[in-house]
Amino acid sequence: MISSSSLTRFTPAETLEEIYLTLSPEPLATVQELKVFYCAKMNETRGGDKTERLKLGLKRAWNSQKCYKACLMGHPGVGKSTELNRLINDSVIKEKFQPIKFNVLTDLDPINFNPLDIILLILLELVEKTKELSIAPGNKNLKALMDWYDTTKITQKESRHSEIKGEAGAGVKENSLWNQVLALFASIKGEMRFASSREKEVTEYRFKRINELIKIANDLISECNDNLTNTDNRQWLIIGENFDKNGVSPEAVQKLFIDYNNIIHDLDIHLIFTIPIGLYNSSNSIRLAFPNDKCLTIPDTAVFNPDNSANNLGRNAIRQVLESRVNLSLFAEGQLERIIIASGGNIRDLFTLVAEASDEAILSGQQQIQSKQVSQSIGKLKTEYERRLGQNPFDLDKVDYAQKLERLLKIYRNDKEAQIPDEVLYVLLNNRSVQEVPLENEERYFRVHPLVVDLLYKQGKIDALPTGEVPGGTSS
């Protein structure tokens, strides 16, 4: 489901008090939000429009009657969800496809889900939406799915899952197959959200029958697709989001997209997933479920060139993003540029900086965002970046600060070997200390975030120029 609008104003804020109405870190979701706030110029800074690439692939798949399967990648805050919302709101795509979106963070147990859960979730959503928008699938394929599920129930723990199952079945008319299906679906969804309660034997036995489930799934998918096509000449499109987010088990993600990649290959339906970019760059990527030409990456937007000179293309694009939301006269001279540089080109950080500075200006009785408020907002975000460089008991990685510091300095000094990805680099990418930014001809390179450059200078690890400027930092 597409979220409701998170913005309450669709014209640029004219006063500091209105800024909170036009800034939101949430993805652009509705047609109105995309029309008013989406900045196409950002694509010029990031190697092209990835949504247009997805559209092209889907249109070709429609004409050939083959399934289109692709993945979208990018580090946090680059706008993957917004691009997928652009896709499903596109008039050409809406004419030919009916999307179903699911979120691994909310629809599954993000730590304990397994590949079978993905198949079942797709089928559950597909059956329910087909009945809603077209003609419900017939008894034969629904009964086959129910029989598969019933015969794979060996033992169950007494758990919240069992309670959910009992609640779902309460009051159901057993002589109605559709009501039995609904009860089963409620039970399966409950099990998927509390996956840690499943007995190991249940999961192992189900995996032994995975090929049988895929066949049942394809029969059901084919019927649902035929029903939708006959109703309004469209096909189903499945979009799975947030497999790249913190809190999702890397082991579960690898199991789905690498170890059991046949699930993606063998399901006869259009699929687009957001996956971790680290998975694509890992040694296992040769076994990834998606072919290379269907793996699309959205890089960061550069505010500096490799020689630390200003990247005006990137800065102007970011300025346009903000201009659609805020009257730029609300910034005192030079202060918007400071915020753009400090954001490192990340829109989420850009909005955080502007919102914080505007609130401080309001509390100070100002009519414009002044240097003091910008310095305060930059300082607050810089503290957050400094905190991310450390370690805490909840981190999954075991990379200490000494390793991070060594890599940061090598990247800052343009050490070519430091550009080769490994665990240390991906930790720095995930916590946004390092950015992946585009060069010409679809090439990309890694550079240190401007706020982290400031931190390295403060620690005495890098030097300023005789002018006092720190190349690549916020004082540049």
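The values are calculated or read from the model by the stated rules, or taken from the named source; none is laboratory data. Remember, it's a predicted structure, so these values are computed and weren't measured experimentally. Quick reminder, even Gly has a Cβ in these numbers, built from the backbone with ideal geometry, and neighbours come from all protein chains shown. SASA here: full protein model, heavy atoms, side chains in, ligands and nucleic acids out. Shrake-Rupley method; radii C 1.70, N 1.55, O 1.52, S 1.80 Å.
Before we move on, is Phe243 in a strand (DSSP E or B) and at pLDDT 85 or above?
Here the answer is no, as Phe243 does not meet what is asked.
List every residue pair whose Cβ atoms lie under 8 Å apart, where the two residues are 6 or more positions apart in sequence or sit on different chains, the first residue falls within the stretch 43-68 and is under 29 Å from Glu443 (Cβ atoms), and the second residue, located anywhere, is open to solvent by less than 70 Å² (accessible area, probe 1.4 Å) and among the basic types (Lys, Arg).
Asn43/Lys50; Thr51/Arg86; Gly57/Lys294; Leu58/Lys96; Lys59/Lys96; Tyr68/Lys294
Let me confirm something: among Leu7, Leu72, which residue is surrounded by 18 or more Cβ atoms within 10 Å (Cβ to Cβ), over 24 Å from Thr297 (Cβ atoms) and in contact with a Phe, Trp or Tyr (Cβ under 8 Å, 6 or more places away or on another chain)?
Just one listed residue meets the conditions, Leu7.
Would you point out the residue of the stretch 335-394, among those that are surrounded by 15 or more Cβ atoms within 10 Å (Cβ to Cβ) and among the acidic types (Asp, Glu), that is nearest to the chain's Cα centre (by Cα)?
Asp349
Could you tell me which residue of the stretch 180-217 is modelled with the highest pLDDT, considering only residues that are of a type outside the set (Val, Ile, Thr), within 27 Å of the chain's Cα centre (by Cα) and closer than 24 Å to Ile135 by Cβ?
Ala217
For residues in the stretch 432-456 being touching a Gly at 6+ places or on another chain (Cβ under 6 Å) and assigned to a helix (DSSP H, G or I), which is nearest to Asp349 (Cα to Cα)?
Checking each candidate, the answer is Pro450.
Go through the stretch 116-175 residue by residue and tally those that are in a loop (DSSP other than H, G, I, E, B) and modelled with pLDDT under 90.
Summing the residues that are in a loop (DSSP other than H, G, I, E, B) and modelled with pLDDT under 90 in the stretch 116-175 gives 14.
How many residues are open to solvent by 60 Å² or more (accessible area, probe 1.4 Å) and assigned to a helix (DSSP H, G or I) if we restrict to the stretch 320-334?
Counting residues in the stretch 320-334 that are open to solvent by 60 Å² or more (accessible area, probe 1.4 Å) and assigned to a helix (DSSP H, G or I) gives 3.
I'm trying to understand the selection: among the residues of the stretch 442-476, which are in contact (Cβ under 8 Å) with a residue 60 or more places away in the chain and under 23 Å from the mean Cα position of the chain (by Cα)?
Across the stretch 442-476, the qualifying residues are Glu442, Arg444, Tyr445, Arg447, His449.
Can you name every residue in the stretch 293-326 that is farther than 29 Å from Leu353 by Cα and touching a Phe, Trp or Tyr at 6+ places or on another chain (Cβ under 9 Å)?
Scanning the stretch 293-326 gives Lys294, Cys295.
Conditions tested, residue by residue: (1) open to solvent by less than 50 Å² (accessible area, probe 1.4 Å); (2) modelled with pLDDT of 90 or more; (3) out of contact with any Cys (no Cβ under 7 Å at 6 or more places or on another chain); (4) under 22 Å from Pro438 (Cβ atoms).
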residue: Leu21; (1), (2), (3), (4): yes, yes, yes, no
residue: Ser24; (1), (2), (3), (4): yes, no, yes, no
residue: Ala40; (1), (2), (3), (4): no, yes, yes, yes
residue: Gly47; (1), (2), (3), (4): yes, no, yes, yes
residue: Leu54; (1), (2), (3), (4): yes, yes, yes, yes
residue: Leu58; (1), (2), (3), (4): yes, yes, yes, no
